[in-house]
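First up is the structure itself, then whatever we jot down about it.
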Amino acid sequence: MHIFRWLLVFLLVSVGLLSNTTTITQQNQSKGIIESEMTTPPHPTGAASTPTPQAKVLPPTPTAEPMALTATVWDIMPQVPILMYHRFNPQPNAISEKYKTSLSDFSKHLDALYKAGYSLISLEDWLQGEIHLQEGRRPLILTIDDLFYADQISLDEHGQPAEYSGIGCLWSFAQSHPDFNFHVTLFYNLGDKPYSNHYVNGIFTVQDGWRQDRAQAIAWGIENSAIPLNHFYAHPRLDQLTPAQIEYQLLENDRALREALAMIGKEALAAGLPNILALPYVVWPESETGKQILFDYISPEGAPVSAILEANDPPRIKLFSAPFSPEYDPWHVPRLNAEQGAIDLITEMRAEIPQAAQCELGVIHGSPETQTAQIMKLISDQTDAGRCPLGIYIVTNLAFEIDQEGIRQLSP
């Protein structure tokens, strides 16, 4: 009897304990779920930690920023005269020669060109099809050969181009006439001359430190759109050189420029330089192999040659076509030696050079390169409404032509 009583008590107690254990376990599990959302539960020492799975939150889809577009419009296919200067004479009453222009005559050239409606555009921009100018202005490209002479560019005590140098004269004129712009291409030979770094009363002399002074002038040019480009190391006649010698002239000239920039801690400026060549004496290599050296030349930064420049004397003037024109030829870029006769020719033929106009196209979403169909519609809408003229439209470096027959993309 006692045995049965104890067994009954034992069973009752066991059932109660089991029920309590189940409840506690369920409470603990519920509590653990809540805690797992807040903290990572502790792990035994040495045990691998398993992170609590988290729901992935995807970033919002980016929305393209709206971009208001202004096109430069040309009523006919753009073309440009290119002038070629060499040396400058700062002395009062100096008389200009074929390859040496007095600064007083140079100032008169600039004034005549400006009054004829010309404004400067960079050679590199033209080659890339970025043919943009202010409303009503005509394009003009200036080049100077056989750099670096101090009469071409000298810096004053403030680090600005001195007005007794050609580029200083051009810089001063551009500051007084902002819509003339300041762009000039400099074709250099660093192996055939020192740099006169001292000037007194119209006389330049070479003194200590000329390499550093020349390097400072080179750097100023790169920083201010007076861009140095390869004109071969010692200004040789290419028809008298072997292909290997031609390649050396190019390589050594590029190396010398970068060495000059490194001397003043500005070697990084070389990274963005274009690769454009000008022929010394306007003479091509004699052999096809020699010519191919020019076409295949790669700059130290890996840029291929994009153009080769020639030159003519007046009256044999030829204009340079836009890169989206059927007449475009980057391997025979024409220039005109900048004598007074050349200035007269260019000012007299100004009616043949188109003037820039501007057209507010509207807004696109995304980069112009990916929205060409939308750009073409905007152009069509503006011309149909009579707000903008028919012609050649340049948007960044994209070119379109619209006429009575419709619209088409010209480049790239």
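Meeting the requirement of 1 or more residues that are among the hydroxyl-bearing types (S, T, Y), the strands (runs of 3 or more DSSP E) wholly within the range 311-412 are 391-395, 406-411.
Given the criterion in contact with a strand residue (DSSP E or B) (Cβ under 6 Å, 6 or more places away or on another chain), modelled with pLDDT under 95 and β-branched (V, I, T), identify the matching residue among I317, I276, I308. Let's see the steps before the verdict.
Numbers: I276 fails: modelled with pLDDT under 95; I308 fails: modelled with pLDDT under 95.
Just one listed residue meets the conditions, I317.
Of all the residues in the range 201-238, those that are surrounded by 17 or more Cβ atoms within 10 Å (Cβ to Cβ), in contact with a Leu (Cβ under 8 Å, 6 or more places away or on another chain) and not polar (S, T, N, Q) number 16. Summed over the range 186-213, the residues that are free of Cβ contacts under 8 Å to residues at least 40 places away in the same chain and within 20 Å of N230 (Cα to Cα) give a count of 1.
Just to be sure before I move on: is L410 touching a residue at least 60 places away in the same chain (Cβ under 8 Å) and either charged (D, E, K, R) or surrounded by 20 or more Cβ atoms within 10 Å (Cβ to Cβ) (or both) in the structure I sent? Give the steps one after another, and end with the answer.
Numbers: touching a residue at least 60 places away in the same chain (Cβ under 8 Å): yes; either charged (D, E, K, R) or surrounded by 20 or more Cβ atoms within 10 Å (Cβ to Cβ) (or both): no.
So L410 does not fit the description; no.
Strands (runs of 3 or more DSSP E) fully within the range 115-221 that include at least 3 residues being of a type in the set (A, V, I, L, M): 138-147. For the range 293-312, the set of residues classified as free of Cβ contacts under 8 Å to residues at least 40 places away in the same chain and either surrounded by fewer than 19 Cβ atoms within 10 Å (Cβ to Cβ) or not assigned by TED's automatic domain parsing to the domain that holds Q340 (or both) consists of F295, D296, I298, E301, G302, A303, P304, E310, N312, listed by residue number. The numbered conditions (1) buried (at least 16 other Cβ atoms within 10 Å of the Cβ); (2) closer than 24 Å to G341 by Cβ are all true for F182 except (2).
For R350, the requirement of being touching a residue at least 60 places away in the same chain (Cβ under 8 Å), out of contact with any Asp or Glu (no Cβ under 7 Å at 6 or more places or on another chain) and basic (K, R) is met. Residue check: is D254 among the acidic types (D, E) and over 26 Å from D329 (Cα atoms)? Against the criterion (among the acidic types (D, E) and over 26 Å from D329 (Cα atoms)), D254 does not qualify. Name every residue in the range 239-265 that is among the polar types (S, T, N, Q), over 20 Å from G302 (Cα atoms) and surrounded by 14 or more Cβ atoms within 10 Å (Cβ to Cβ), in order of residue number. Scanning the range 239-265 gives T242, Q245. For the range 313-326, filtering for residues that are touching a residue at least 24 places away in the same chain (Cβ under 8 Å) and surrounded by fewer than 21 Cβ atoms within 10 Å (Cβ to Cβ) leaves 7.
So is S122 at pLDDT 95 or above and either closer than 30 Å to A234 by Cβ or surrounded by fewer than 16 Cβ atoms within 10 Å (Cβ to Cβ) (or both) or not? In short, yes.
The values are calculated or read from the model by the stated rules, or taken from the named source; none is laboratory data. Computed from a predicted structure; not experimentally measured. All Cβ positions, glycine included, derive from the backbone under ideal geometry; neighbour counts span all protein chains shown.
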